[in-house]
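Visitor: Here it is: the structure, laid out below.
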Amino acid sequence: MTIELKEGERLDELHRNGWQIIQNSHKFCFGMDAVLLSGFARVKTGERVLDLGTGTGIIPILLRGKTEGRDFTGLEIQEESADMARRSVAYNHLEESVSIVTGDIKEAAALFGAASFDAVTCNPPYMTGNHGLVNPKQSKAIARHEILCTLEDVVGQTAKVLRPGGRFYLVHRPFRLAEILTLLVRYKLEPKRMRLVYPFVDKEPNMVLIEALSGAKSRITVEKPLIVYKEQGVYTDEIYDIYGY
């Protein structure tokens, strides 16, 4: 179908089902972390999934292409990003299974109701107010820094909207791992699976993927490392597979 691209927008290939996504490089474009989260998340046949802080809708769209889930919802507070996400959904003819809602993560339970989703995903802002440089562009700053919501807001609302036994999938930075695990346990989201992501085999990890189960008993599996590059500019086979190249 024909869609209107606004000033600064472009269509980017998703390398899956011929789908494309609308992005604006002057605002905020999705990164590898979102793609890796879509590969880490497990969505079963017929399940309902909520993506908190969906941006331009990359995670719901990718999960729709990779899984047998029934219904995917993206929640996004910035209307400009939500508008791009809705147009991407329409462009790829996914309106029957993917919906985008403009709203605040801190009000997710009020918007959708308690225990209303089988799984929740989130690629949240990584930086607190005293970490890193805040981008002068407001849309990018909101995506990268905890300006409009905190990690505890994300975890607390996830605990409310997940059904008992539901799963939470999070990508974040390893330097906040102790805080992440403490918050998950506090809100009765038991960490069950964790995978560290390394840019190169001899470098420190720069991302962590976590699965937590609502109301589960304590026991976590640390999976083998995920290495991004085999050499400069060349992805490992697993990364190519996750991207769908």
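Visitor: With the Cα gyration tensor of the chain in hand, give its eigenvalues times 5 under a square root as the equivalent ellipsoid semi-axes, listed largest first in whole angstrom.
Guide: Listed largest to smallest, the semi-axes of the chain are 25, 22, 19 Å.
Visitor: Shifting gears a bit: Name the residue, out of L162, L52, L196, whose mean-square fluctuation peaks in a Gaussian network model built on the chain with Cα pairs under 10 Å.
Guide: The residue with the greatest mean-square fluctuation here is L196.
Visitor: If you don't mind, another one. With no solvent and one equal point scatterer placed on each C-alpha of the range 145-205, evaluate the Debye formula and give log10 I(q)/I(0) for q = 0.13, 0.21, 0.25 Å⁻¹, two decimals.
Guide: Taken in order of the listed q values, log10 I(q)/I(0) reads -0.40, -0.90, -1.14.
Visitor: With Cβ to Cβ distances under 15 Å as the rule, what net charge do the other residues near D237 carry (K, R +1; D, E -1)?
Guide: -1
Visitor: Hey, another quick one. Return a whole-number percent for the relative contact order of the chain, with Cα pairs under 8 Å and 6 or more residues apart as the contact set.
Guide: Relative contact order comes out at 16 percent.
Visitor: Now, a different point. In whole angstrom, note down how far apart the Cα centers of the range 64-85 and the range 185-245 are.
Guide: If we compute the Cα centre of each part, the gap is 23 Å.
Visitor: Which cross-chain or sequence-distant (5 or more) residues have an amide H under 5 Å from the amide H of I227, H modelled 1.01 Å from N in plane?
Guide: Y198
Visitor: Show me, for the range 93-101, the HN-Hα J-couplings you get by feeding each phi into the Karplus relation (A = 6.51, B = -1.76, C = 1.60, θ = phi - 60°), rounded to Hz, glycine and proline as x.
Guide: Along the range 93-101, the couplings run 6, 10, 4, 6, 10, 10, 10, 10, 10 Hz.
Visitor: Report, in deg cm²/dmol and to the nearest 500, the calculated mean residue ellipticity at 222 nm for the chain, where each DSSP H run with n ≥ 4 adds -39500 (n - 2.57) and the sum is divided by the residue count. Walk me through the intermediate numbers first.
Guide: Details: 8 runs with 71 residues, N = 245.
Rounded to the nearest 500, the figure is -8000 deg cm²/dmol.
Visitor: Ordered by residue, what ³J(HN,Hα) values in Hz, to whole numbers, does the range 207-213 give under the Karplus form 6.51 cos²θ - 1.76 cosθ + 1.60, where θ = phi - 60° and Gly and Pro are x?
Guide: 9, 9, 10, 10, 10, 10, 10
Visitor: Something else about it: Specify the residue with the greatest mean-square fluctuation among G57, G18, G65, computed from a Gaussian network of the chain linking alpha-carbon atoms under 10 Å apart.
Guide: G18
Visitor: Quick check on the exposure proxy: order V155, V228, V222 from fewest to most C-beta atoms within 10 angstrom.
Guide: V222, V228, V155
Visitor: Anyone know which of G113, G156, G166 comes out most mobile in the 10 Å Cα GNM of the chain?
Guide: Evaluated over the chain, the most mobile residue of the options is G113.
Visitor: May I ask for the longest run of the chain untouched by trypsin sites (Lys or Arg not before Pro) that are loop-located per DSSP and have at most 10 neighbouring C-beta atoms (other than their own) within 10 Å?
Guide: My reading of the result: 1-216 is the longest stretch.
Visitor: Starting from the Cα of A114, step 7 Å along the direction of its Cβ; do the same at A178; then give the gap between the two resulting points in nm.
Guide: Spacing of the two 7 Å Cα→Cβ label points: 3.4 nm.
Visitor: Something else: For D237, D202, what's the fewest-to-most ordering of other Cβ within 10 Å of each Cβ?
Guide: Ranking D237, D202 by Cβ neighbours within 10 Å, fewest first, gives D202, D237.
Read-outs throughout are calculated quantities, based only on the coordinates presented, and are distinct from any laboratory measurement. Please read all numbers here as calculations on a predicted model, not as lab measurements. Here the Cβ is made from the backbone with ideal geometry for all residues, glycine too, and neighbour counts use every protein chain on show.
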